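Values in this text are rule-based calculations from the coordinates and carry no lab data. No experiment lies behind these values; they were computed from the predicted model shown. Neighbour counts are summed over all protein chains in view; Cβ atoms, including those assigned to glycine, are modelled from backbone coordinates with ideal geometry.
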Amino acid sequence: MKTFLLTFIAMLAFAANSILCRVALLEGYIDAGSFTLIRILSGATTLLIITIIYNRSNLVTASFNRKSVLVLSISLLFYALFFSLAYIELGTGTGALILFGVVQLSMLATYAYKGNRIIGFEWLGIGVAVSGFLILLLPSATRPDPLSALLMALSGVCWAIFTLQGKVSGKPLQSTTQGFVGSALLALLMLPWLLSIETISRTGLMLAVCSGIFTSALGYVIWYMALRQLTVLTASIVQLSVPGIALLGGVILVGEPLSFNIALSTMCILGGIALVFIAQQKKRMLN
């Protein structure tokens, strides 16, 4: 139950993050580079404060791994940057389709590469979840701008790497903090190319800060905590719920119409995820 709750909260955070970024860029409240920079810096600051309060020695323990931190830092920064740049041109549905499609392919390929066998119920869950994913996104997808589509695909690869690296960490707060701090340092090195003060409005600043603190930093810590109890396959499939949650949030918060396609696809996605969880539980019982 605890794992389910943590996973659900993390998926809510990821969906909210997409909404914040899309609104900020679509309405012209801020540019993509500045949004990315502020998001990363506010997230890093938040995690440092949490670390100081709860564990002062967290960043200087013997478990500090330079290679791991470098991977986390680079993958996080370029995930956020490519994500923001891609959403300047891509529609919400098209961008989510590319992003999460690439994430799932990357993580499933890693799962199979490591010699894990996918059983029947898992295949059924994958099929149901993906069918719901396609029902949700394909009717609203438009032909994407090639460069924007490539940027979103690269963002998906970076997010998969960040997720997989976090999976092997035994200390989610430590690894997330180190990743954010490293990413913030890299972002500061790119400051002349990222920051554009004249394009930042108060609303844009607020949206970027909220994205960094709540839906990024805290969301990733919670996600890492859930990942400790999830297989790569389960972690991959459960992220398919994010587009559905984001669109439902749009219906509730923005007043977008709720269509039959949205309702049907949401049931398929959540049903598919439930089947994967059931299959994973059966595997544990057999082992």
Residue 261-residue 248 pseudo-label distance in nm [points 7 Å out on the Cα-to-Cβ vector]:
1.9
With each label point set 7 Å from Cα along the Cα-Cβ vector, what nm distance links residue 229 and residue 109?
3.1
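Please compute the length gained on full extension between residue 274 and residue 147, using 0.36 nm multiplied by the number of residues separating them and subtracting their Cα-Cα distance.
Details: separation 127, 0.36 × 127 = 45.72 nm, distance 3.55 nm.
Taking residue 274 through residue 147 to full extension adds about 42.2 nm, to one decimal.
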Per 0.36 nm of contour for each residue apart, how much would the distance between residue 118 and residue 185 grow if the chain were fully extended, relative to their Cα-Cα spacing?
20.1 nm
Compute the Cα gyration tensor for the range 80-137, then decide on rounded, prolate or oblate, letting a ≥ b ≥ c be the square roots of its eigenvalues: rounded whenever a/c is under 1.5, prolate when a/b is larger than b/c in the other cases, and oblate in all that remain.
oblate
Alpha-carbon centroids, the range 194-209 and the range 93-136: separation in whole Å:
35
Ordering 75-86, 226-237 by per-residue average of other C-beta atoms within 10 angstrom, highest first, gives 75-86, 226-237
Which FRET efficiency, nearest 0.05, do residue 49 and residue 88 yield, Cβ-Cβ r, R0 35 Å?
0.65
